[in-house]
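The values are calculated or read from the model by the stated rules, or taken from the named source; none is laboratory data. As the structure is a prediction and not an experimental result, all values here were calculated from the model. A quick note on method: Cβ atoms are made from the backbone with ideal geometry, for glycine too, and the neighbour counts reach across all protein chains shown.
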Ligand code: AMP
Ligand code: ZN
């Protein structure tokens, strides 16, 4: 089955065919670096990282670009408040962003361009738009995009701006526009911009870029005038992405992006996450409450990226349990003795199961990244492994069969990433802990059925892995030797 994505541009699921065979250029709108990202922002970055991981799983070479918006109203306001230069204000937020990415296992993009490094490219695009009569300078030195000159405006978001009458003047800081619908490309300098060093010289005078032009410039500079995938949160469809298209296509006359992918919002206990209401968590808040990065990843995967996801502590608990189970099974399989020729008791059955699981996993992900169905396949793999190990008892498993199953865990986790992610706050590896719990339960069961030989064998297994078991009045307690 071919890979298919839901393309916001056509409102249809479409087969994904990149511009150059085997290669994908992908851009996602990154964060505005004026605060640590909240867990909703992180869901969106997780989503674009998952797209990229899955494209790589499918064998594509991906150039993945995620920008950093390091000049806009909010960053300038922040720098002003703290009395520092813009770059000194944004740098700590960039550092903390990458720390969060690392902790949550969101891979770095191939390139994280900063808007402030691409002002020259922005000026070029604005100049081209001016030459084509699509941009115009106002008396104060701001430059606007003339929406009336771009016939395709509204194609992505399907907004109908005809109700806003042309030529209508609007109040406040927008009075320089010729048309209420026009948006700003370049903003004439204000004293506070000078104060924090957010100013550049241009043919239209000193000033700073509008937000939308930043993304057009970085995306086209890094990926070319036409590229494959542009991703972001649903709130960016209008006006941000609509304006990116208008600017880029207005300047080049070529299609800008072929597939537009948008991730839905994360809700917090049923409500919209908003800084204004304080209804918000960042990663550190959650880690301080004992939430594990692996549980967050798992929870994100339970919902389709185009569905709203409700973030609750109860759901996180359930996710933690699911991760524990799968990690435990993988550890049990790793620890199980294997042999190249395990003898007559062995009838390799996992190979076929594993092939079927991987093929259904791929089918689910091919269908516009149906992660919840794909997750069920990982559970099926764990179930098959558990069954097999039960059937084998103390007998060794064939080495080839063991490796086929371990490889499947690894392949699936190259996309999901919750088995590999380090749950840093825990001092004991969770996979090991789950395996120990399971073995101790099996030992208790053996003792209850007076199978002392089996119980002793399990204790020996535990000792071999450095686990010390102590039988207390409250039941067995375990710790790591050393
Ligand atoms: P910002 O740093 O505000 O530019 O936002 C960065 C990204 O986070 C954008 O792609 C937004 O669409 C996305 N975003 C903001 N709030 C949420 C939320 N509650 N859930 C998911 N994504 C969000
Ligand atoms: Zn953007």
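Brief remarks follow.
- So residue 320, is it away from ligand 2 (no atom under 16 Å from the Cβ), over 26 Å from residue 231 (Cβ atoms), in contact with a helix residue (DSSP H, G or I) (Cβ under 7 Å, 6 or more places away or on another chain) and not in a loop (DSSP other than H, G, I, E, B): yes
- Hits in the stretch 384-403 (condition: within 24 Å of residue 298 (Cβ to Cβ) and in contact (Cβ under 8 Å) with a residue 40 or more places away in the chain): 385, 386, 389
- Residue in the stretch 341-348 that is without any contact (Cβ under 8 Å) to a residue 24 or more places away in the chain and assigned to a helix (DSSP H, G or I) present: no
- Yes/no for residue 209 being more than 11 Å from ligand 1 (Cβ to nearest atom), more than 23 Å from residue 20 (Cβ to Cβ) and at pLDDT 95 or above: yes
- Answer residue from the stretch 296-317, given it is closer than 29 Å to residue 5 by Cα and without any contact (Cβ under 8 Å) to a residue 40 or more places away in the chain and is nearest to ligand 1 (Cβ to nearest atom) among those: 299
- The residues of the stretch 48-72 that are within 15 Å of ligand 2 (Cβ to nearest atom) and either free of Cβ contacts under 8 Å to residues at least 24 places away in the same chain or closer than 16 Å to residue 108 by Cβ (or both), listed by number, are 48, 64, 65, 66, 67, 68.
- Some residue of the stretch 57-74 being over 24 Å from residue 44 (Cα atoms) and within 30 Å of the chain's Cα centre (by Cα): no
- A count restricted to the stretch 89-120 and to residues that are surrounded by fewer than 18 Cβ atoms within 10 Å (Cβ to Cβ) and either within 19 Å of residue 245 (Cβ to Cβ) or without any contact (Cβ under 8 Å) to a residue 40 or more places away in the chain (or both) stands at 9.
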